[in-house]
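Visitor: So that we are looking at the same thing, I have put the structure below in structure tokens.
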Amino acid sequence: MFAHRTANSTKPAREPVGRVNAIYRFGFADAGGTSVEAPIREGFEIAPVWLGDADQWGSRPSLAVPDHRDSRPARFEGSFADFGLRQTEVVEAGTWTTESPQALGGWRFYLWCWSNPLVALPIDRVEVTAHGAAIEIGAMCLGFADEHPLRPEPARVVVAEVPAGYAGDVDDLAIDVDRGSAGYTNLVVQGAPASDPLAAWGDAPASDATRMIYARVSSVPSGTVRVAGRDIVMSEARWSDLRDGSLGRGGSIRIPERGRNWVRVNVVDDLTGERMHCRVHFCSPDGVPYQPHGHPQHVNSNLGSWNVDVGSDVRLGRTTYAYIDGSCEGWLPRGPVRAQVSRGFEYQPLNDWMTVEPDTTELTLRVRRLFDSSKDRWFSGDTHVHFVSSFGALREAAAEGVSVVNLLLSQWGNLFSNAEDFLGRPVLSEDGKTVLYAAQENRQHFLGHLSLLGLKQPIMPWSTDGPEEAELGGALEATLTDWADRCRSQGGTVVVPHFPAPGGELAVLVATGRADAVEFGEHQERSLVEYYRYLNAGFRLPLAGGTDKMSNDVPIGLSRTYVRLDHDHEFGFEPWCQGLRAGRSYMTSGPLLEFTIDGAQIGDSVRLPEGGGSVAVQARARSIFPMFKLEVVQDGRVVASSESEIGVRDLVIDQPVRVRRGSWLCVRVGGGGPAHLTHHRDSWRRAIMAHSSPIYVACGDNEYPVDRQALEYTIASVERGRSYVTELAPVDLGNDARHHHLGDHRQYLRKPFEDAYEILMRRLNRLDKS
């Protein structure tokens, strides 16, 4: 083995390829003085090393390698400048990075191996003769292994048991090899059992108990694979032994796969046979993932991905899923392979085993649809998505069974997201079943946030009044009322996201009728209490569902809005928004709702004579996940319920309810049962729930309930917001020409609160007079 290089000049220049730079002559200790010559050719056995120069790229010799091996970047730390490199999970030998020793000039030579054709004769000398150029030799060594030391075998999966009694974090352990390369070491996550109702929706929290790790390792036969933790070797094995089926010391290291096939997998609707967009995950019996080509085994190396669009993938727990259009291909191990497939809340998730035979090249998976809400004109949407590209969002939404996805441009300090995606119009998928609209979420840390759907033109500023929403030290430049008015002037829809916080101007939007809907993203008692207060104060307030997706730990549509379209409206973005504004909606993170009162549906009104009477309430919830309680809520009180202690997929209520005055009624699913059965496995651990917009019941002229306590609470909320903009908000009263073109900026900020206060006081006065 030689460490050598072509001596270079001060300025990089490509040397003539094929030029013989030197002759290496190997002499043998025999009576005849036998020798063998090896020409050292430019671009074959040798080349210059230009330290730190971009001209070096692509000029390596074909038969020699740098004197540093391929490696991986630091996984949990390092320079921000190397973040993109860290996502690749590879550092090519000889690549300069801010965290690599090569940056300090560690890579100096190329390694070239000469194989002795006369192994029976001992070598007693090596002669070097310069020929076409000067060369430099840094070192030579002699090896006796029957292998090519610079040609490792392709990477294979190596699994290892975590040593018994190991007290450290599994992240402290690493599988590595001395004569090759190894990828990151990952915890093996056992797939959920068939009995797990969330089997294709992430691994169960207890799956960490498997205590196995794996890495993909490449090595020459004589390499030694080691499991080490805290710089202590805990087990090791020779690569050739593992390759041949032996176990490492103590039986804790092994190569599980005995061959693999490149397989195309098609996923089809079991009824129609059509290929369908979906989310997939494949793994071996050990739990090692084998994701389709073009998708990572672990999204972002299992690290956080806030504000990182890493493509069409999602991670639930420690399991990474790939979004596909119904077809994918890649390597699968021979033998049993676990396949997990899901498509939103209307298909039965698939969690089953398939077999890859030695001749398998194609497999078809059939997924059964349980519900079809579109037949009853219900179409789902997500009102709150960030940080993915338009085309990525379209594919992910289709695979999650979401018909409408609202990709919201927004601002975090000096970070402006998705600005390039704004078109001012909807984008329809090729099959016409999914529509995307890139709009905005405008934000202020005290007054609140607004999702402005369906914008034709941007509404600026996106954020105001300092962190975390706006720039450091920013002034309060706009109100939510102003943003809402400008959105509506374009025919847009105003949704209050992650209701009810932050809510400094929320009561103003509700009182003045500027909030077209409020959004639940997860189950929170506070959200229910606040929502019921506004309804009891006499305001019609539709309900939406949105994920607030900002990472790959949350799939689009995990919290979604179902909207009912009129039969004379074709599916589209604007009809969907019209249905939402009309209150023909419910939010859900799993259960599908049906709810009628005397035949009237969600968002409708029922009229009774003065004094009221009984109404026929029918409610039903169906779900691919177990449910424990279905409830009918009237004016904030539960008046009917259907419950199960073990969790069922179908709950029904059919009973009369007495209505004595103007009321609202909703239906909801949520709570109860073991925590691991009632919560999703996204990063927020959202409860599986659903909640409808109201059906309103009028009794004579009494159309809405007006609860004095709820009304007074709303007035106090308006006063709270007004006190902020009057006393504390940073306001520049100088000569700046503002977007609203009004002279008194402080008065501009106060006016929405004063208008809302007058509306609420008039309503309170009417209540007193009645």
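The values are calculated or read from the model by the stated rules, or taken from the named source; none is laboratory data. Only a predicted model underlies this, so the values are computations on that prediction, with no experimental measurement involved. When we count neighbours, we look across all protein chains shown, and the Cβ atoms used for this are built from the backbone with ideal geometry, even at glycine. Heads up: the accessible areas ignore ligands, DNA and RNA and are worked out on the full protein's heavy atoms, side chains in. Shrake-Rupley method; radii C 1.70, N 1.55, O 1.52, S 1.80 Å.
Visitor: Of all residues in region 721-770, how many are among the hydrophobic types (A, V, I, L, M, F, W, C), open to solvent by 30 Å² or more (accessible area, probe 1.4 Å), touching a helix residue (DSSP H, G or I) at 6+ places or on another chain (Cβ under 8 Å) and modelled with pLDDT of 90 or more?
Guide: 2
Visitor: Among the residues of region 508-566, how many are open to solvent by less than 20 Å² (accessible area, probe 1.4 Å), assigned to a loop (DSSP other than H, G, I, E, B), more than 27 Å from Y724 (Cα to Cα) and aliphatic (A, V, I, L, M)?
Guide: Number satisfying all stated conditions: 4.
Visitor: Collect the residues in region 445-460 that are in contact with a Gly (Cβ under 9 Å, 6 or more places away or on another chain) and either surrounded by fewer than 18 Cβ atoms within 10 Å (Cβ to Cβ) or modelled with pLDDT under 95 (or both), keeping them in residue-number order.
Guide: H445, K456, Q457, P458
Visitor: Specify which of the listed residues (R279, R254) is buried (at least 17 other Cβ atoms within 10 Å of the Cβ), in contact with a helix residue (DSSP H, G or I) (Cβ under 7 Å, 6 or more places away or on another chain), more than 29 Å from G165 (Cα to Cα) and charged (D, E, K, R).
Guide: R279
Visitor: State whether the residues of region 463-470 include one that is assigned to a loop (DSSP other than H, G, I, E, B), farther than 21 Å from K549 by Cα and under 29 Å from the mean Cα position of the chain (by Cα).
Guide: Scanning region 463-470 turns up at least one residue that is assigned to a loop (DSSP other than H, G, I, E, B), farther than 21 Å from K549 by Cα and under 29 Å from the mean Cα position of the chain (by Cα).
Visitor: Exactly one condition in (1) surrounded by fewer than 19 Cβ atoms within 10 Å (Cβ to Cβ); (2) over 19 Å from V158 (Cα atoms); (3) out of contact with any helix residue (DSSP H, G or I) (no Cβ under 9 Å at 6 or more places or on another chain) is not met by W201; state its number.
Guide: For W201, the exception is condition (1).
Visitor: Just name the residue that is modelled with the lowest pLDDT out of those in region 53-106 that are within 23 Å of R19 (Cα to Cα) and of a type in the set (D, E).
Guide: Per the criteria, the residue is D53.
Visitor: Something else now. So, in region 585-612, exactly how many residues are assigned to a loop (DSSP other than H, G, I, E, B) and within 28 Å of W201 (Cβ to Cβ)?
Guide: 4
The rows are residues; the columns are (1) of a type in the set (A, V, I, L, M, F, W, C); (2) assigned to a strand (DSSP E or B); (3) at pLDDT below 90.
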residue	(1), (2), (3)
R620	no, yes, no
S623	no, yes, no
K629	no, yes, no
S641	no, yes, no
E645	no, yes, yes
V657	yes, yes, no
W664	yes, yes, no
W684	yes, no, yes
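Visitor: Let me ask something else. Has region 331-348 got at least one residue that is open to solvent by 10 Å² or more (accessible area, probe 1.4 Å), part of a strand (DSSP E or B) and over 20 Å from A194 (Cβ atoms)?
Guide: yes
Visitor: Tally up the residues in region 281-305 that are under 14 Å from the mean Cα position of the chain (by Cα), in a loop (DSSP other than H, G, I, E, B) and under 15 Å from A322 (Cα atoms), please.
Guide: Matching residues across region 281-305 total 4.
Visitor: For S222, are the conditions met, namely being modelled with pLDDT of 85 or more, touching a helix residue (DSSP H, G or I) at 6+ places or on another chain (Cβ under 8 Å) and outside any strand (DSSP E or B)?
Guide: Considered against the rule, which asks whether it is modelled with pLDDT of 85 or more, touching a helix residue (DSSP H, G or I) at 6+ places or on another chain (Cβ under 8 Å) and outside any strand (DSSP E or B), S222 comes out as yes.
Visitor: While we're on this one: Of the residues in region 482-497, how many are of a type outside the set (G, A, S), open to solvent by less than 10 Å² (accessible area, probe 1.4 Å) and either in a helix (DSSP H, G or I) or in contact with a Phe, Trp or Tyr (Cβ under 6 Å, 6 or more places away or on another chain) (or both)?
Guide: Going through region 482-497 one residue at a time, the tally reaches 2.
Visitor: Looking at the structure I just gave you, is G165 out of contact with any Ser or Thr (no Cβ under 7 Å at 6 or more places or on another chain), part of a loop (DSSP other than H, G, I, E, B) and not charged (D, E, K, R)?
Guide: Judged against the criteria, G165 is a match.
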